[in-house]
1. How much length is gained if the chain between Asp574 and Asn131 is pulled fully straight, taking 0.36 nm per residue apart and subtracting their Cα-Cα distance, in nm to one decimal?
2. Which of Glu616, Glu419 has the fewest other C-beta atoms within 10 Å, and how do the rest follow up to the most?
3. I need the phi-derived Karplus couplings for the range 554-564: 6.51 cos²θ - 1.76 cosθ + 1.60, θ = phi - 60°, integer Hz, Gly and Pro marked x.
4. With no solvent and one equal point scatterer per Cα, compute the Debye intensity ratio I(q)/I(0) for the range 653-693 at 0.34 Å⁻¹ and report its log10, rounded to two decimals.
5. So if each residue of separation counts as 0.36 nm, and I subtract the Cα-Cα distance between Glu330 and Ser504, what length gain in nm does that give?
6. Between Ala343 and Asp372, how many nm apart are label points set 7 Å from Cα along the C-beta direction?
7. From the Cα trace of the range 499-736, what convex hull volume per residue do you get, rounded to a whole Å³?
8. How large is the Kirkwood hydrodynamic radius of the range 95-194, in angstrom, based on all distinct alpha carbon pairs?
Amino acid sequence: MGKNPIENTDQQATTSTQSRWLIAYAVTTSAIIILATIVLYFYPFDVKAIHYGVVTLCVAVVAESVFFIWRTLRASNATIKSMQSSINQLDEGSTIIYELHKQDGFYQPVYVSSNIKQILGYSVTESLQPNWWFENVHPEDRALTLSALSKVEANHTFVHRYRFKTKYGTYIWLRDELRTFQNNVDKIAGQWSDISQDLSWLQDNKAITQRHLIGFAELNGDDTIFRADTNFRNLIGLKDNEPSTHHILDFISPTNFNSDTPTLETGIEYLVEFNRPSGQVLHGLLKISEDKQGTIRFVTLIDLSAFTSEQRRLKQIAYTQPLTGLPNIEQLKLDLQASLERARDDELVAVLNVNIREFHKVNDSYGVTNGDRVLQRVARRFQNVLPNNASLYCAWGDDFWILLSDVKEYMELQSLMDELSQSLNKPLMLEKHIQLQVAANIGACTYPLDALDTASLLSYASSALQRARRLTHASQVIFNQQMASDSFSQLLVKQQLQQALEQSQFEVYFQKISDFEGANRGYEALLRWNHEDQGVIPASEFIHSCDEALKQRLGLWIIEQVITSLSSIPCTPDGKRYVAINLFSCQLDSEFVEQMKEFSDQLKAQNAHICFELKEASLIDPSDDLRATLRELTNAGFSLTIDDFGAGFAGLTYLREFPISSIKVDREFINALDSDRGYAIVDGIVELSHRAKIKVHALGIETEKQFALARKLNFDFCQGRFIHSAQALNELITHTD
């Protein structure tokens with residue numbers, strides 16, 4: 001691939017050093033010989049003295065030769081080392097160096113620095129091919145780059161920029177700086193620098209750039225157009241093949257300077273007007289830049305009219321829910337604020353939050369595609385019943401919102417809620433043989449009766465909807481101040497929970513798991529909050545107020561407390577320590593698995609085993625990542641149990657899809673064992689589970705009758721207050737002793 005310029009300079013410097021020492025050696029040797037000859041000629045010596053003199057002369061010459069050879073080599077090595085860092089910097093830096101030599105009237109590449117591989121992706125061999133450079137210049141920039149070599153021949157230096165295709169198929173912006181070697185036009189050195197980062201605004205607007213909204217041109221010294229790319233020509237309507245007679249201001253009129261003889265200054269952005277071939281006057285942004293020598297001026301012209309159109313398109317996307325085509329929640333916030341500002345003192349503004357009751361079952365039963373069709377048809381039905389002063393919005397999925405403005409009578413709100421509910425009375429036809437009946441939950445609030453600002457109105461409407469969703473049938477709920485108190489209480493609880501974790505107010509209780517002979521089969525770790533005013537609070541009363549971040553911290557804290565307490569936990573009859581720990585779904589990822597593997601040695605040392613319990617609801621619509629995480633946990637030696645089995649949907653499918661070792665039948669089924677139907681359902685669950693070699697726990701045994709029925713149904717284990725109440729660790733140890 002030839003030598004790079006620094007290597008050539010290195011070789012020249014080394015040769016020069018060697019030459020200087022060779023001259024010094026020749027001069028010194030000649031001086032010694034001449035001196036010896038003069039001495040022998042003017043002073044008579046006997047033969048023996050002459051013999052010693054010749055020997056001495058030879059030794060002196062040899063010693064001198066060795067000295068000069070050593071000095072020459074040392075000087076050469078010093079020269080090489082002094083330039084080695086420059087060579088390394090050249091081949092590893094961010095600038096590609098290349099060299100061209102003129103052969104038979106054409107310039108051919110003879111050297112390219114090896115860092116071209118990491119910057120452009122091409123090998124040195126590929127880049128030395130004759131037509132490689134021209135074939136990879138962007139087609140629209142080739143016209144501007146063709147005369148670069150003639151420019152450098154005339155001026156001995158030239159700088160330009162253009163788009164260049166990398167080995168990976170993408171284009172980047174290159175700054176190409178060329179110069180001749182000591183004014184020798186037969187040898188040209190150049191360097192490529194990636195300036196894409198400097199033009200990041202072009203990258204951010206790649207789609208716009210591809211629509212030909214940015215053009216480039218090169219100007220002569222008097223600001224006449226020397227060359228222009230296709231985009232530039234199209235923007236200003238330039239048709240001439242030789243545009244050198246046209247001044248840039250013949251086509252473009254800057255609007256932000258006042259002068260009878262305007263001059264376009266370098267580095268200043270000008271707002272301009274220019275005409276397209278159609279005669280339409282458009283607005284643009286023009287900027288002049290120069291090369292380092294200030295001899296070449298470049299023009300960048302941007303069509304701002306098209307950018308404005310693109311911004312409108314992007315704004316429409318940003319404020320529209322794509323599935324339904326309805327305005328989204330961001331548009332609702334803007335419209336609601338506008339409605340509040342123009343509302344008169346005798347008018348109300350209402351906000352309604354609507355969702356489809358148990359819509360997730362539609363996706364589970366009929367698939368997501370049919371679920372999307374349901375949402376689209378529900379949106380059309382809602383649109384059909386809206387009055388002129390109402391607008392429909394969709395935040396996401398089945399989360400619909402309605403803004404009702406200019407309300408004169410409160411009954412208008414109730415009337416609209418009734419119309420929305422009744423619009424879903426008729427079944428939806430999905431396919432020829434599939435009819436689906438859906439119902440709506442509705443929450444609503446009003447301005448100024450319930451709140452005075454946008455954020456509060458949206459929050460209160462959502463709170464009313466949540467209250468409606470907790471009811472057992474499709475419902476309509478209008479916000480009241482008691483709900484505000486409930487919302488405030490929930491916020492207060494969240495703050496207290498954060499403080500409770502920091503102040504060590506949480507504690508792990510243990511509840512015994514036994515078989516029906518009374519033998520200890522392990523313990524379940526249960527979270528309790530030692531509240532300073534309300535005493536010990538079970539997790540079921542506060543865990544719903546925790547966000548995901550707090551759940552993850554609490555979940556890991558419980559596991560760490562159990563691991564620390566292992567040595568104090570009573571053993572089962574076979575000498576093992578078995579503990580079941582509830583997991584939150586937000587904990588389940590690959591990082592969690594790695595954290596659990598770190599406890600393996602401690603578990604082995606205590607002959608302990610941990611079983612992780614998962615709520616059945618956390619397995620609804622599981623992702624591939626969740627499936628992989630559960631497999632990794634079981635492979636690491638942990639077992640899995642489904643807690644509250646039967647409280648979710650299609651629970652039996654989990655027994656097939658997941659590596660489950662046991663299930664805990666939901667306490668609602670245990671409470672229903674005294675009915676024939678309830679008994680039959682539980683009997684089927686136990687039998688199917690045993691066929692799948694899955695152990696079954698009876699959860700929530702509170703009475704002797706429930707214990708007897710569970711035993712009759714062949715449950716493997718039982719748990720509940722009738723067996724053993726949950727206790728703190730110190731109480732558990734005392735009770736066991």
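1. Gain in length upon complete extension: 151.5 nm.
2. Fewest to most other Cβ atoms nearby, the residues stand as Glu419, Glu616.
3. Working through the residues one at a time gives 5, x, 5, 4, 4, 4, 5, 5, 5, 4, 5 Hz.
4. So the normalised log intensities work out to -1.16.
5. Gain on extension, Glu330 to Ser504, equals 58.6 nm.
6. Here the modelled spin labels are 3.6 nm apart.
7. Given the Cα convex hull of the range 499-736, per-residue volume reads 136 Å³.
8. 13.7 Å
Read-outs: derived from the displayed coordinates by stated rules, not from any lab. Not measured: the values here are computed from a predicted model. Using ideal geometry, Cβ is built from the backbone for each residue, glycine included, and neighbour counts are taken over all protein chains shown.
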